[in-house]
Amino acid sequence: MSDDAFLRVSEVSKWYGDEQVLDGVSFEMDRGDVTVLIGPSGSGKSTMLRCVNRLAEAQEGSITLDGEEVLSPDTDVDELRRDVGMVFQSFNLFAHLTATGNVALGPRRVLGLSEEEARDRAAAQLERVGLADQLDSYPAELSGGQQQRVGIARALAMEPKLMLFDEPTSALDPELIGEVLEVMRALVDEGMTMLVVTHEMSFARAVADEVVFLDDGRVVERGPPEQLFERPEKERTGRFLERIASHD
Amino acid sequence: MAGATRPRTVGERVADADPSAGRILLVAAGALFWGWLLVSWVNRWLGGAIAPVGEPLVAPETVEGAFAAVPGLAAVAADAAFVVELTPVLAQGTWLTVVITGVSLVCGFFIAVPLAVARVYGRFSAWLSLGYTELLRGTPLLAQLFVLYYGLNLAASVPAAVSGVFPRDVVWVAILGFTLNGAAYQAEYIRGAVESVDDGQITAGRAIGLSKLESIYYVVLPQALRYAIPSWTNEFVYLIKYSSLAGFITVPELYYRADQVATETFRYTAVFLVLGAMYLALVLTASKFMERVDDRVAIPGLGVDRER
Ligand SMILES: Nc1ncnc2c1ncn2[C@@H]1O[C@H](COP(=O)(O)OP(=O)(O)O)[C@@H](O)[C@H]1O
Ligand SMILES: [Mg+2]
């Protein structure tokens, strides 16, 4: 545990009504790290990500990002969210806007760029994810893989310090997964700090610095991918890995 | 299938030709109707540049003569002349009907959108919004107009700034009544559409740093208002017809004028048939217009008949 961790999640707990969804979750990441969060459905992975950008409110614990306490009531959540990009399982592209419109909205309305600057930035980000030829397409005119890449470009356009990915490929047809993972890998190579919920094991193995296994709102086990995947210490981890391996 | 070889049946040809023929007829009728209205209105504003104010654009005798010359139409020549005699009064009444409907609809819209948003996303304001819509939708529109006109005597307190815009200040009372009432109905249609927008849209807006209100404004409403158009058109159509209730608080709109003429001439059937045709023309114009708007703003790639 280094004291200058870029993202430090410590003892975070969250309840929805009487149901405890997160139970003392802790992990930390350095700048440029990739952490992969795995766990069964309903184990609290999405909730954990959402606590980091305050789309969900943790009731206990602390999360610091770049030295700032995220959970403090004084934190400007809009400012926080500018610094933390999020990519959703179901893309959540703005249905009424073109690819460019989707990516430009944040720079225009949140960062206050001019219309033209925002469009230029959008075009650059879309090119970065390989969609230079789809600038004027609407979400409903794009394939799932293309939509998700627009989703990534939309998050990148805010120039975030940290990217959150919530199962970015699990709504995609298998043949479209590759193009999204490729974009994510390129981001890793550029040094982006990424917290990723995914069950794409080969991706995790290739790029993760650490894998965190969450079950029932608790961190069961965490470690480098080769260790966690090859020699899990906990029986529950092993069982879970077997289960998802048999799906591949 | 290789090349169409089978000759088309007559039935198929009629089915194909029919829509376009019907369309041409409809467009021609619409052009005649609106052409007549616009020329009548402009004529009145210009103080009778085209025909003396209060006189038909075409002399009734001319029309009567023309009808009499056609064997099949000779029997209704006198009726035709009577209808032509009515046209100045009808055009004048229609002006108020159109203005009252249009202004009330637009003003009501700007009240309806916040009402709908409050209803879906508000806490306390959701209850206020609910109370407002239930009150306005749950009581008769005519009673609301009576309260504004007779009860509160609002015609006497029309602000000086807008007083005199219309020949009679009571028109403002009607506009206020239809605005407040229409807002409640419009809010219901818009609320349905707002609710149909996926929650993930707002989440995505908030995730890039938009506030909740900004997300609603930039993300939810542009979609919801599009989806609301078909059902919202109902309110447009209703308002055109309900605007006739303004006649009961002495607004000289279309219905009031026609009713007056019918009482004076005792030709109820002819007058109210023409009146019905007038409202039908207005309603058809409104719904066709909104269909066009709906097509124009449709989001590319999304099915035309998007399910809710
Ligand atoms: N907005 C919410 N309201 C109530 N319960 C929720 C909400 N979001 C998630 N939950 C519950 O929290 C638990 C964890 O959900 P989630 O974080 O989505 O898990 P995962 O992403 O690992 O599948 C589940 O039991 C889910 O039903
Ligand atoms: Mg999830």
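The values are calculated or read from the model by the stated rules, or taken from the named source; none is laboratory data. Owing to the predicted nature of the structure, the values given are computational and were not obtained by experimental measurement. Neighbour counts run over all protein chains shown; Cβ positions are idealised from the backbone, glycine included. With ligands, DNA and RNA removed, areas are computed over all heavy atoms of the protein, side chains included. Shrake-Rupley method; radii C 1.70, N 1.55, O 1.52, S 1.80 Å.
A quick yes/no check of all residues on (1) under 13 Å from the mean Cα position of the chain (by Cα); (2) away from ligand 1 (no atom under 16 Å from the Cβ); (3) not in a strand (DSSP E or B):
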{"position": "A:ASP23", "(1), (2), (3)": "no, no, no"}
{"position": "A:SER26", "(1), (2), (3)": "no, yes, no"}
{"position": "A:LEU37", "(1), (2), (3)": "yes, no, no"}
{"position": "A:GLY61", "(1), (2), (3)": "no, no, no"}
{"position": "A:ASP74", "(1), (2), (3)": "no, yes, yes"}
{"position": "A:ARG82", "(1), (2), (3)": "no, yes, yes"}
{"position": "A:GLN89", "(1), (2), (3)": "yes, no, yes"}
{"position": "A:PHE94", "(1), (2), (3)": "no, yes, yes"}
> Are any residues in the range B:207-224 within 20 Å of B:ARG123 (Cβ to Cβ), of a type in the set (S, T, N, Q) and at pLDDT 95 or above, and if so, which ones?
Replying inline: B:SER215
> Can we say B:GLU264 is more than 30 Å from A:GLU141 (Cα to Cα) and in contact (Cβ under 8 Å) with a residue 24 or more places away in the chain?
Replying inline: no
> Residue check: is A:THR237 in a loop (DSSP other than H, G, I, E, B), closer than 28 Å to A:LEU22 by Cα and either within 16 Å of ligand 1 (Cβ to nearest atom) or free of Cβ contacts under 8 Å to residues at least 24 places away in the same chain (or both)?
Replying inline: no
> So which residues in the range B:39-63 are open to solvent by less than 70 Å² (accessible area, probe 1.4 Å) and either of a type outside the set (A, V, I, L, M, F, W, C) or on the phi > 0 side of the Ramachandran plot (or both), if there are any at all?
Replying inline: B:SER40, B:ASN43, B:GLY47, B:GLY48, B:GLY54, B:PRO56, B:PRO60
>> Residues to consider are A:GLY85, A:GLY61, A:GLY42; find the one that is more than 12 Å from ligand 2 (Cβ to nearest atom), more than 21 Å from A:ILE152 (Cα to Cα) and not basic (Lys, Arg).
In response: A:GLY61
> Quick one: is A:GLU69 more than 15 Å from ligand 1 (Cβ to nearest atom), more than 14 Å from chain B (Cβ to nearest Cβ) and not hydrophobic (A, V, I, L, M, F, W, C)?
Replying inline: yes
> For residues in the range A:132-187 being small (Gly, Ala, Ser) and open to solvent by 50 Å² or more (accessible area, probe 1.4 Å), which is farthest from the other protein chains (Cβ to nearest Cβ)?
Replying inline: A:ALA132
>> Please go through (1) away from ligand 1 (no atom under 16 Å from the Cβ); (2) modelled with pLDDT under 95; (3) open to solvent by 20 Å² or more (accessible area, probe 1.4 Å) for A:ALA5 and return the number of the only condition it doesn't satisfy.
In response: (3)
> Pairs, please: C-beta under 9 Å, at least 6 apart or cross-chain, first residue of a type in the set (Ser, Thr, Tyr) and in the range A:200-226, second at pLDDT 95 or above?
Replying inline: A:SER202/A:LEU181
>> Just to be sure I understand, how many residues within the range A:99-131 are outside any helix (DSSP H, G or I), closer than 23 Å to A:LEU181 by Cα and either within 9 Å of chain B (Cβ to nearest Cβ) or free of Cβ contacts under 8 Å to residues at least 40 places away in the same chain (or both)?
In response: 1
